[in-house]
Amino acid sequence: MAEADHRQALQAAFAAHLRDPGAHPLPAGIDDRRMAIYRELFFGNLLGLLGNAFPVLRRLHDDTAWTALVGDFFSSHRARTPLFHRLPEEFVDWLTDVRPPAPGDLPFLAPLAHYEWVELALSTAEDPPPDALRVHPYTSLLDAPPRLSPLSWTLAYDWPVHRIGPDFIPTAPSGQQTCLVVYRDAQDEVRFLEINAVTARLLTLADEQPEATGADLLVQIAEELEHPDVDEVLAAGAEILDQLRARGIVLGSRRR
């Protein structure tokens, strides 16, 4: 038991030093030159992984700031997954829910990280089971329940995250939500589509009310908007549904 306890304590000290060498000294009896290899290997891999997963976020930070941000994550976060490609999701969760804002932070740090992570998440998502894709591809989407692709996400941000980059760095929210659909098409390419709030509401309702027909959903939207002409909403909505079907965001109508 004493030997096992010693080994466990050594492993804990080893890991603590790797996470934060400044706060945790080198474990006794270990050569610093050899330890430096592990420090570079572990942190360097994480630095590269997150830089590749968040290319825009990386370009908006100089080397010092990016290294400090990733170093803070590395030292303070305890990973929930052993899968390397899942670490970007944990980085987003950490930025959103754990890490307090710091001086010099980009004001859109967490939303931009989430937007960039979505592409990785959809590109590595498992294909849905065949039963999930059973639809009537050509029937009227007004007369039957629209079936959304399981590989499409409807998102809303307070920042125009899809436009942010080195040439456009906003300092305050735009004042209106940016609505997007991110989806994986039939060629397994991840696509981004900016939509208006009404289309976003239509997609949200279709997801929440899977048995409602397209007409049911559009009538509900007309009532929410207090629109004076329901037929006009139905006509415009039918066109939107057909456009979404052409892109593969809506697969067709549900088989009942």
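The values are calculated or read from the model by the stated rules, or taken from the named source; none is laboratory data. The structure displayed is predicted, hence computed values, not measured ones. Here the Cβ positions follow ideal geometry from the backbone for every residue, glycine too, while neighbour counts run over all protein chains shown.
Annotations for the structure displayed:
- Only listed residue being in contact with a helix residue (DSSP H, G or I) (Cβ under 7 Å, 6 or more places away or on another chain), farther than 25 Å from Glu126 by Cα and surrounded by fewer than 16 Cβ atoms within 10 Å (Cβ to Cβ), chosen from Pro166, Pro228, Pro173: Pro166
- Of the residues in the stretch 49-69, not one is part of a helix (DSSP H, G or I), crowded, with 17+ Cβ neighbours inside 10 Å and at pLDDT below 90.
- Test: residue in the stretch 86-98 that is more than 17 Å from Leu69 (Cα to Cα), modelled with pLDDT of 95 or more and surrounded by 13 or more Cβ atoms within 10 Å (Cβ to Cβ): no
- Condition check for Thr139: within 27 Å of Gln177 (Cα to Cα), surrounded by fewer than 19 Cβ atoms within 10 Å (Cβ to Cβ) and among the β-branched types (Val, Ile, Thr): no
- Yes/no for Ser140 being part of a loop (DSSP other than H, G, I, E, B) and over 24 Å from the mean Cα position of the chain (by Cα): yes
- Test: residue in the stretch 143-159 that is farther than 30 Å from Ala125 by Cα, assigned by TED's automatic domain parsing to the domain that holds Gln243 and at pLDDT below 95: yes
- Residue among Leu180, Leu251, Leu241, Leu218 that is within 24 Å of the chain's Cα centre (by Cα), under 24 Å from Arg134 (Cα atoms) and either at pLDDT below 95 or outside the structural domain of Val118 (by TED's automatic domain parsing) (or both): Leu251
- Residues located in the stretch 91-108, provided they are in contact (Cβ under 8 Å) with a residue 12 or more places away in the chain and within 24 Å of Leu120 (Cβ to Cβ): Phe91, Val92, Trp94, Leu95, Thr96, Val98, Arg99, Leu106, Pro107, Phe108
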